[in-house]
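Throughout, read-outs are computed from the coordinates displayed, never taken from laboratory work. Note that this is a predicted model, so its numbers are computed, not measured. For neighbour counting, all protein chains shown are included, and Cβ atoms are generated from backbone atoms with ideal geometry for every residue, glycine included.
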Amino acid sequence: MNKQINRLLVGFFCIGAILLLLAFGFFTGSFSFLRQDNERFVLVFHENVYGLHEGSKVTLNGVRIGRVERFFIGDARQEGPVPVQIEVNRRLVLRHMVESDNEIFDTDGNFKKTIVPHLLGQLNQESFVTGILYINLTVQDSDSNESYITHQHGFPSINTKGSMFAELSESINLEKLSKQINDLIGVATQRLAELNIEKLSTDYLATSQKLRDALGNLATAFSPLGPSLTKTSDQSRKTLVVIHELAENFKGVLQPNSEFRFELDDTLRDISNMARSLQNLADLLEQNPQAFIIGKPKSEE
């Protein structure tokens, strides 16, 4: 008696498990014969897609409508684009779409042909901790009535734009900043080398001497005016002496072997290295946004 009851319980349990499996497959559309009518598109991302997997969700303005089905790799050897095939689940679309006056989907739950050229895909991140990516679709605002649909790998293609990290890296453009600093160092060094400090100092001293002679002649010619003009002339001579000393100091500062020139070159070189390091950090965060959370691996790893 107990054995019969146990067998019945095991049988009911197995039947329930099979029914749950069938319901799950029917609900998610995992069976191929249930997915034949689903639309498929290809999106080409020109960036690292680490964190995007088969089965990753595809959303339209944040509402899930499909999943990532497969990748196409091998188009290029280095830094090649990554085509991604997505599947739009009609059951999910039909569940959420409005039935009347729908501007995006037709009555069967497929994208309208006039909408596909205006779709735009972007990689988004579910969580900064996990680094899991998904694809979000939006409809571009455009005044044109363009209806031409391109194809990739046998499927209609959807336009893409860079992710948040890609846009941030491009907007900062530390590589360009580093190049500009290197150019600045080269130009500054060349101009300082071309600067004839000795000739400038000689010309300045000659001008200063002529000015002193002119003031002396002026003081002699107008001596009847009194001691005030003589006092002014003396003050002018003292000022010219100070200016002469300043010119000599400036000449010493700008000498190729001066400490100022060395410190300036060293500082500009450090700024260039810092910009290059920041560029490498931006590239790392773009490819592995969860790197800050994971931290440095242990030696045994």
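Listed values, structure above:
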item	result
FRET efficiency estimate (nearest 0.05) - Cβ-Cβ, L281 to I149, R0 25 angstrom	0.05
Point-to-point label distance, E54-K179, nm (Cα→Cβ direction, 7 Å offset)	4.0 nm
